[in-house]
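In what follows, a single structure is set out as structure tokens and then discussed.
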Amino acid sequence: AQSVTQPDIHITVSEGASLELRCNYSYGATPYLFWYVQSPGQGLQLLLKYFSGDTLVQGIKGFEAEFKRSQSSFNLRKPSVHWSDAAEYFCAVEDTGRRALTFGSGTRLQVQP
Amino acid sequence: GAVVSQHPSRVICKSGTSVKIECRSLDFQATTMFWYRQFPKQSLMLMATSNEGSKATYEQGVEKDKFLINHASLTLSTLTVTSAHPEDSSFYICSARLWQSNTEAFFGQGTRLTVV
């Protein structure tokens, strides 16, 4: 069965600093990978997705992620964090047979002024 | 992007009663909808997969008689929590997929259920 690991439960960065959120996955075939963001009490918003092709994926709000097959990773990055980026971030892998998503445990991002 | 509307956003009910949560795809036809549950400060756990016109497929450990799922049309799926108990209090989120592959899942805004 597929699985997703987000090693960092909680990260705090200063506004304007760069950000990298880690994600490692386990999946037997070529993975479909996603990053979602969740604000408190809200649903999930898609930041970016990887299905195939270019391993560096650009998303919304200035986020990008890089798929590294050799490391089974799909880390999320942003060069300069804004206070409004404070939220919970989830990495997910799709079970392409059932089309359901398996989520990581999430990383809570705090942004200091 | 496509819009998925989930209603209600919050509900409080008494123990023993039933609660229905609706999930609608507003601008597309969703052949498959999913129901997830999220406990505080935890991740989303898949409860069931719902295909239009057929019975839902439940994940291991999810009681199908307690969490009734109906997917009567390509734009509507409902989750009914029957005989609710305080331990059913949670955040429930639905998502909907287009039939095409290589497309993302769209999520509703979630329903906070509190059973008192």
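The values are calculated or read from the model by the stated rules, or taken from the named source; none is laboratory data. Quick caveat: nothing in here was measured; it's all calculated off a predicted structure. Neighbour counts run over all protein chains shown; Cβ positions are idealised from the backbone, glycine included.
Summary of values
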{"item": "For A:GLU20: the one exception among (1) touching a residue at least 40 places away in the same chain (Cβ under 8 Å); (2) surrounded by 13 or more Cβ atoms within 10 Å (Cβ to Cβ); (3) more than 30 Å from B:CYS23 (Cα to Cα); (4) touching a Ser or Thr at 6+ places or on another chain (Cβ under 8 Å)", "result": "(4)"}
{"item": "Residues of the stretch B:4-29 that turn out to be touching a Gly at 6+ places or on another chain (Cβ under 9 Å) and not in a strand (DSSP E or B), as a count", "result": "1"}
{"item": "Tabulated pairs, the stretch A:92-103, first within 7 Å of chain B (Cβ to nearest Cβ) and in contact (Cβ under 8 Å) with a residue 40 or more places away in the chain, second in a strand (DSSP E or B) and of a type in the set (Gly, Ala, Ser), C-beta under 9 angstrom, 6+ apart or interchain", "result": "A:LEU101/A:ALA92; A:LEU101/B:SER95; A:PHE103/A:ALA92"}
{"item": "Members of the stretch A:57-91 found to be part of a strand (DSSP E or B) and either within 13 Å of chain B (Cβ to nearest Cβ) or of a type in the set (Ser, Thr, Tyr) (or both), listed by number", "result": "A:VAL57, A:SER73, A:GLU88, A:TYR89, A:PHE90, A:CYS91"}
{"item": "Failed item in (1) without any contact (Cβ under 8 Å) to a residue 12 or more places away in the chain; (2) under 14 Å from A:LEU33 (Cα atoms), with A:SER73 passing the rest", "result": "(1)"}
{"item": "Selection status of A:ALA1, of a type in the set (A, V, I, L, M), away from every other protein chain (no Cβ under 11 Å), part of a loop (DSSP other than H, G, I, E, B) and exposed (fewer than 14 other Cβ atoms within 10 Å of the Cβ)", "result": "no"}
{"item": "Near pairs, Cβ below 9 angstrom, 6+ apart or cross-chain, from the stretch B:49-61 (closer than 16 Å to B:ILE93 by Cβ) to any residue that is part of a loop (DSSP other than H, G, I, E, B) and modelled with pLDDT of 90 or more", "result": "B:THR49/B:ALA56; B:THR49/B:GLU59; B:SER50/B:ALA56; B:ALA56/B:LYS64"}
{"item": "Some residue of the stretch A:75-85 being at positive phi and within 15 Å of the chain's Cα centre (by Cα)", "result": "no"}
{"item": "Residue selected from the stretch B:9-23 under the condition surrounded by 13 or more Cβ atoms within 10 Å (Cβ to Cβ), touching a residue at least 60 places away in the same chain (Cβ under 8 Å) and more than 10 Å from chain A (Cβ to nearest Cβ), by the criterion farthest from B:VAL115 (Cα to Cα)", "result": "B:CYS23"}
{"item": "Residue, nearest to the other protein chains (Cβ to nearest Cβ), within the stretch A:23-56, restricted to residues that are in a strand (DSSP E or B) and surrounded by fewer than 19 Cβ atoms within 10 Å (Cβ to Cβ)", "result": "A:LEU46"}
